[in-house]
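> Sharing a structure, written as structure tokens. Questions coming.
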Amino acid sequence: MRARSARAVINSSASHVFDVLRFICAWPAPLGVTDISRQLKLPASTVYRALITLEEADYIRRHRNTPRFELAPTPHLLNRALFSRFELHRASRPHLRSLAQATGETVSLWARLGWFALRVGGAFGSRDVYHRARLGETRLLHDGAAASVILAGLSEADLASYRSFVDTHFPERRPDAGWAAEAGELRLIEARGFATSALRMAPGFDAVAIPVRDETGRPVASITVDGPMLRSGAVALDPRALQARDDLEALVAHDPAAFLSPFAHIPADEILIRTPSASEAETDGAA
Amino acid sequence: MVATVNSATEETGDRGQNKATARILAVLSVFASDAVGYGVTELSNQLGMTKNMVYRALTTLVDQGYLVRDPTGQRYQLGFRVLELQNENTSEPDFRELCAPYVDKVFQLTGESVSLMVRAGDYAVFIDGVETRRPGTYRTQIGALRPLYANASGRVMLAFSSDEEISDYISRQSPMRLPASTRQLPPDTLWTQLRDIRKLGYARMLRPGALPMLAVACPIWDMDRRLHGVLATGGPNERFAAELDRVMPQLLATIDELCHRTQLYAADTQQWEMQ
């Protein structure tokens, strides 16, 4: 009884600390005690203690000697460590780099993680105007071309589970046109073999996503090329992107176990991630 | 019972931080490495905490979703909820930032000057360092260049280049005049030293002169086993030799810990790859 009470106290203190940390992660600018205390409805003394604990442990740091805090290197390192657990993160690097060099466009690799797509690799193109895309971005599987092209290759049973996952955990993210229309879009994507989404700041050009499949034909990842690979409305894909896809599929087929998601032993329904990118509407249109 | 609860809530550090939570964060920080996973005993040894403390921290971290048990259930791995601990408006730490706490750790360990250098063409350039206040010390001037052959750090950079690159370098640089001396470094001597560095995995060099100086320089690797840079420490041989023998195992363990972090990045990430 005594031990349980003590543990409950420790857990509540830890959970405040993680609440504060996640809040700093989700906010676009550095934050001070008062902002956090007001937003999280926690006493200022609790927030202050949480901030000091996080600062001492190198999870946050002061923003340019102001009383405001921003992320320190440790959370970045934890994310890098997580990416390194995806074999695709390492194995795709030379392929992505040569595709970016050959086409001059920014390319990304998204891996399936439960009902999400996670950007685990990428190389910037040679153009000097580009989107500062970053690794670690997560998307629900119907959100955007990179994710939809993975969703489109899943079985009917998986699609049904996915819909109920979104309905339960992200009701605000259900497709505007409804699931029936979404299913039609997905069939189109699967038949065509790629998905596109309009590129921001590049009118008339699309980002193209193509699936990377395992030996059973199920998509495990997708490659996106964020550039004028394809004029809107065109139907032929750049052969260099298809070559990169073939190279990655050959790697996966050669050693399927190595390329399993590090969370393959956890049911997809239990993988719940709430990042700003996964839970807020994006401006670019899907598929 | 009240006493038990108070002892848990009021266990605070100098600045009012909660020690139990600090331990939880310390356990999670260990996973910021390229290692696949950890068991309770391993963490307890690495952190100097009791197994019970480690187990309690692990339980909280699994509850929170920051760690998961591996398929065997015996070991712990990073959980997917770590993905929530990012902010797209903060930039990734660069190499100097990754090394900064370790530059301090090595300084605390040896008490001698510490330098962090990266390669810039045929030179090594100081990007960070600490100078000891003790008499007789290496200078670590940020931004200063040294020819690669001229100090231990530069020689480590050469040693882990290909033989062909080294030969080309030597022919470009010959004659290799040694700093603060009229002597030249014969190519054969350099080759012998570079082979020794490759064999040992780091450089341990004694520079003769009026005040013989002893330095040790360690390569810092990236994810492709290429050099990010070199971390070095050193001082007068008379003072540092015995000290170095004493702290060498700890020094190598510290560098190893740093490499587990730098190996999460590619050395030229800034240029090409997404972060």
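> Using +1 at the C-beta of Lys and Arg and -1 at the C-beta of Asp and Glu, which of B:169, B:240, B:185 has the Cα lying farthest in the positive direction of the dipole of the range B:167-275?
Farthest towards the positive end: B:185.
> A further question on this structure: Could you work out the mean count of beta carbons from other protein chains within 10 Å of each residue's beta carbon in A:256-264?
2
> Same structure again: Report the net charge of residues surrounding residue B:198, where surrounding means a beta-carbon distance below 11 angstrom and charges are Lys +1, Arg +1, Asp -1, Glu -1.
+1
> Using unit Cβ charges (K, R positive; D, E negative) and no other charged atoms, how large, in debye to the nearest 20, is the dipole of chain A about its Cα centre?
1120
> Let a ≥ b ≥ c be the square roots of the eigenvalues of the Cα gyration tensor of the range B:95-262; is it rounded (a/c under 1.5), or, if not, prolate (a/b larger than b/c) or oblate?
It comes out oblate by the Cα gyration axes.
> If you don't mind, there's one more thing I want to ask. For chain A, modelled as a GNM with alpha-carbon contacts under 10 angstrom, which of A:168, A:106, A:138 fluctuates the most?
Largest GNM mean-square fluctuation: A:168.
> While we're looking at this one, here's another question. Across the residues of A:90-100, average count of Cβ atoms on other protein chains within 10 Å?
Mean shielding by partner chains, rounded to a whole number: 2.
> Pick out which of B:177, B:239, B:81 has the largest mean-square fluctuation in a Gaussian network model of chain B, springs linking Cα atoms closer than 10 Å.
Fluctuation is largest for B:81.
> Something else about it: Got a sec to turn the phi values of the range A:48-56 into Karplus ³J(HN,Hα) couplings, 6.51 cos²θ - 1.76 cosθ + 1.60 with θ = phi - 60°, whole Hz, x for Gly and Pro?
The phi angles translate into 4, 5, 4, 5, 5, 4, 5, 5, 4 Hz.
> If we count every other residue with Cβ under 11 angstrom of residue B:139's Cβ, Lys/Arg +1 and Asp/Glu -1, where does the sum land?
Net local charge, residue B:139 excluded: 0.
> With a cut-off of 8 Å between alpha carbons and a minimum separation of six or more residues, what is the relative contact order of the range B:95-262 in percent?
25
> In debye, nearest 20: dipole of the range B:22-71 around its Cα centre with unit charges on the Cβ of K, R (+) and D, E (-)?
Value, rounded to 20: 200 debye.
> When only C-alpha pairs under 8 Å and at least 6 residues apart count, what is the relative contact order of the range B:2-84, in percent?
This gives 23 percent for the range B:2-84.
> Relative contact order of chain A: what whole-number percent is it, with Cα pairs under 8 angstrom and at least 6 residues apart?
17
> Per residue of chain A, what 222 nm ellipticity follows from adding -39500 (n - 2.57) for every DSSP H run with n ≥ 4, rounded to the nearest 500?
Helix contribution divided over all residues of chain A: -14000 deg cm²/dmol.
> Sum -39500 (n - 2.57) across every DSSP H segment of at least 4 residues in chain B, then divide by the residue count to get the 222 nm mean residue ellipticity, nearest 500.
Result for chain B: -13500 deg cm²/dmol, rounded to the nearest 500.
> While we're on this one: Sort B:52-61, B:183-192, A:52-61 by the packing proxy (mean of other Cβ within 10 Å over each peptide's residues), most packed first.
The peptides rank, most packed first, as A:52-61, B:52-61, B:183-192.
> Turning to a different aspect of this structure: Taking the Cα centre of the range A:2-77 as origin and charging only Cβ (+1 Lys, Arg; -1 Asp, Glu), how large is the dipole, in debye to the nearest 20?
280
> Also, I was wondering about something else. Identify, among B:263, B:215, B:85, the residue whose Cα sits farthest towards the positive end of the charge dipole of chain B, taking +1 on the Cβ of Lys and Arg and -1 on the Cβ of Asp and Glu, with the dipole about the Cα centre.
In chain B, that residue is B:215.
> For residue B:19, go through the lysines and keep the ones whose alpha-carbon is under 25 Å away, minus same-chain ones fewer than eight residues off.
A:41, B:51, B:105
> Towards the positive end of the charge dipole of the protein assembly as shown, with charges on Cβ (+1 Lys, Arg; -1 Asp, Glu), say which of A:266, A:117, A:227 has the farthest Cα.
Among A:266, A:117, A:227, the one farthest towards the positive end of the dipole of the protein assembly as shown is A:266.
> Sticking with this structure for a sec: Relative to the longest principal axis of chain A, what angle (0 to 90°, nearest 10) does the C-alpha long axis of helix A:2-26 take?
So the helix axis and the longest Cα principal axis differ by about 50 degrees.
> Which whole number gives the average count of other chain Cβ atoms within 10 Å of the Cβ atoms across peptide B:255-261?
1
Since every read-out is calculated from the coordinates, none of them should be taken as a lab result. Predicted model only: the values in this text are computed from it and were never measured. With ideal geometry, Cβ positions are generated from the backbone for all residues, glycine too; neighbour counts draw on all protein chains shown.
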